[in-house]
Amino acid sequence: MELSIDTLSHEHRTVFVLREVEGLSTAETAECLGISEELVKVRLHRAKSRLREHVFARVGKAATEAFEFHASRCDRVVAAVFEKIDPLDADV
């Protein structure tokens, strides 16, 4: 993640670190940098967008495969859970 943050411009990296790493509020960040709160929000949004693009470019296809929905596996898990549930004990 640090490598991705290093790819950000100085302006975007500074806002990202102050807001997301240091936990400053939008107002505190604006005051520290001498810019408007609106500009802080814009820079943070752009920083997050660029980070997302950079991370997905590095991870590539593995990112989409990591979060695939495996219906057959899900069906097996649900079936196993229902096998363990005794419908007569359920408080319905």
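The values are calculated or read from the model by the stated rules, or taken from the named source; none is laboratory data. Given the structure is predicted, the values throughout are model-derived calculations rather than measurements. Here the Cβ positions follow ideal geometry from the backbone for every residue, glycine too, while neighbour counts run over all protein chains shown.
When segment 1-24 is filtered for residues that are touching a helix residue (DSSP H, G or I) at 6+ places or on another chain (Cβ under 8 Å) and of a type in the set (Ser, Thr, Tyr), the ones remaining, listed by number, are Ser4, Thr7, Thr14. Among the residues of segment 66-78, none qualifies, meaning not one is assigned to a loop (DSSP other than H, G, I, E, B), at positive phi and either surrounded by fewer than 11 Cβ atoms within 10 Å (Cβ to Cβ) or modelled with pLDDT under 80 (or both).
Pairing each residue of segment 17-37 that is surrounded by fewer than 15 Cβ atoms within 10 Å (Cβ to Cβ) with any residue that is among the polar types (S, T, N, Q) and outside any helix (DSSP H, G or I), provided the two are 6+ apart or on different chains, yields no C-beta distance under 8 Å.
Only one entry in His45, His54, His12 is of a type outside the set (A, V, I, L, M, F, W, C), in a helix (DSSP H, G or I), surrounded by 13 or more Cβ atoms within 10 Å (Cβ to Cβ) and free of Cβ contacts under 8 Å to residues at least 40 places away in the same chain, namely His12.
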